[in-house]
């Protein structure tokens, strides 16, 4: 667009277009979920997932403002798919074999304003219809900061050439909400174990492998890699609280390995275990071994 055409556009039109770009870009800036306590920007949330199964009908999340200023957070239901490498993508329609859970629970409040250090409870209540088909249903709660200056984040220049756009990142946290109804189960296996030596991307060796899932339920647990040599077992890698969701049948995982001084990734075995989290009983779900050359 040349300068003459740009000058014929109203400042209000440009402002609205810039705001549309701002929110389209910022809506997908989400902090990764960390074990036990999720944090994005100054917001912390616990627990990091909600599972309704058996007789459970209610749950509660705790939101904490860890910043130094008062902040407002909007809470909404979103639906997401997991790709083959575990990355989450927001979607509107379920994939084949995927069931959304958004219409199976209510939550309150929908928006909160928290002073520094203040905590707010968000309560969830399960509402299953009588004719609900057996299976696992999943949606996510997105808790997203509402910037105070979101409406004035477009700074106008003094010149007549146009406007200057200032992007304001909007951080958020997603928490999976899973509803299991009837007989649901997941059978998990580990395959394709491969050692990747240090390179330009990583100063330490890495273990690449696949988690394979069958059945009507997702799997969630801790991964532990042990070096078995000379009659000793040494933990050299861990990934905590990792999930593979329905309908995915495989997820590729890369684990960094920390080999202690005096040990070597040769002449022994590497034992990999995928087990339920400690708060879920710690029962092993799958294991595999790699003979080291």
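The values are calculated or read from the model by the stated rules, or taken from the named source; none is laboratory data. Not measured: the values here are computed from a predicted model. So basically every Cβ, Gly included, is an ideal-geometry build from the backbone, and we count neighbours across all protein chains shown.
Right, residue 230: at positive phi and either out of contact with any strand residue (DSSP E or B) (no Cβ under 8 Å at 6 or more places or on another chain) or assigned by TED's automatic domain parsing to the domain that holds residue 86 (or both) or not? First the steps, then the outcome.
Numbers: at positive phi: yes; either out of contact with any strand residue (DSSP E or B) (no Cβ under 8 Å at 6 or more places or on another chain) or assigned by TED's automatic domain parsing to the domain that holds residue 86 (or both): yes.
It is true that residue 230 is at positive phi and either out of contact with any strand residue (DSSP E or B) (no Cβ under 8 Å at 6 or more places or on another chain) or assigned by TED's automatic domain parsing to the domain that holds residue 86 (or both).
When both residues are 6+ apart or on different chains and their Cβ atoms are under 9 Å apart, which pairs have a first residue that lies in region 110-128 and is closer than 18 Å to residue 147 by Cβ and not assigned by TED's automatic domain parsing to the domain that holds residue 74, and a second that is assigned to a strand (DSSP E or B) and modelled with pLDDT of 95 or more?
Every condition considered, no pair remains.
Filter region 219-258 for residues that are more than 24 Å from residue 292 (Cβ to Cβ) and outside any strand (DSSP E or B); which is nearest to the chain's Cα centre (by Cα)?
245
For a quick check of your reading of the model, give me the residue pairs whose first member lies in region 240-267 and is on the phi > 0 side of the Ramachandran plot and at pLDDT below 95, whose second is in a strand (DSSP E or B) and crowded, with 16+ Cβ neighbours inside 10 Å, with beta-carbon atoms closer than 9 Å and at least 6 apart or on different chains.
From region 240-267, the pairs are 267/229.
Looking at region 68-80, which of its residues are without any contact (Cβ under 8 Å) to a residue 60 or more places away in the chain and in contact with a strand residue (DSSP E or B) (Cβ under 8 Å, 6 or more places away or on another chain)? Give the steps one after another, and end with the answer.
Let us first name the residues in region 68-80 that are without any contact (Cβ under 8 Å) to a residue 60 or more places away in the chain, namely 68-70.
Matches in region 68-80: 70 only.
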